[in-house]
Amino acid sequence: MPAHLLSLADGPSILLDKPILLFGRHEECDVQLNSKMVSRRHCVLAQVNDLLVIRDLGSTNGVRINGERVAEGKLRPGDEFQIGKFKYQVCGDLLGRSKEHTSAVEYKNVPPAAPGAVEEPPRASANGVSADGTGEDEPV
């Protein structure tokens, strides 16, 4: 599932479909939060690699991450943040992976070695010729 912000209080949940979102009361904001506890241009949320970075833009009431007021902070899946009375939880895949990418479940499992078996690396002689005399490494 794509990354999104699950609303834990007032307001709708938000799909993170842009790399940068501006939050505030102003009509030009990407996410409009209509409350007097929210500044016109309250904060910005940016996706940076595999995490989100939120930055307060000098708002009166600030931004809280997991209950702590911050000027800027990193958000990972499961973290909660609050803007005024609006509270969100970060959910989904921040890397934007989808079903066309291979998941760990789809990789072929390699059977374990027999109990007590010790796998030895290929050996080369002093003249650089492998133990089988071909001069090539044995397949691993």
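Taking region 81-94 as the range and being assigned to a strand (DSSP E or B) and open to solvent by less than 40 Å² (accessible area, probe 1.4 Å) as the test, the residues that pass are Phe81, Ile83, Phe86, Tyr88, Val90, Cys91, Asp93. What do you reckon, is Ile54 touching a Ser or Thr at 6+ places or on another chain (Cβ under 9 Å) and at pLDDT 95 or above? Judged against the criteria, Ile54 is not a match. Of the strands (runs of 3 or more DSSP E) entirely within region 1-80, those holding at least 3 residues that are open to solvent by 20 Å² or more (accessible area, probe 1.4 Å) and not polar (S, T, N, Q) occupy 43-48, 51-56, 68-70. If you go through region 59-84 and keep only what is of a type in the set (D, E, K, R) and at pLDDT 95 or above, you end up with Arg64, Glu68, Arg69, Glu72, Lys74, Asp79, Glu80.
Checking each residue in region 5-28 for being in contact (Cβ under 8 Å) with a residue 40 or more places away in the chain and of a type in the set (A, V, I, L, M, F, W, C) picks out Leu5, Leu6, Leu8, Ala9, Ile14, Leu16, Phe23.
The values are calculated or read from the model by the stated rules, or taken from the named source; none is laboratory data. Every value quoted in this text rests on a predicted model; they were computed, and no experiment measured them. Heads up, the Cβs are rebuilt from the backbone with ideal geometry, glycines too, and the neighbour counts pull from every protein chain shown. With ligands, DNA and RNA removed, areas are computed over all heavy atoms of the protein, side chains included. Shrake-Rupley method; radii C 1.70, N 1.55, O 1.52, S 1.80 Å.
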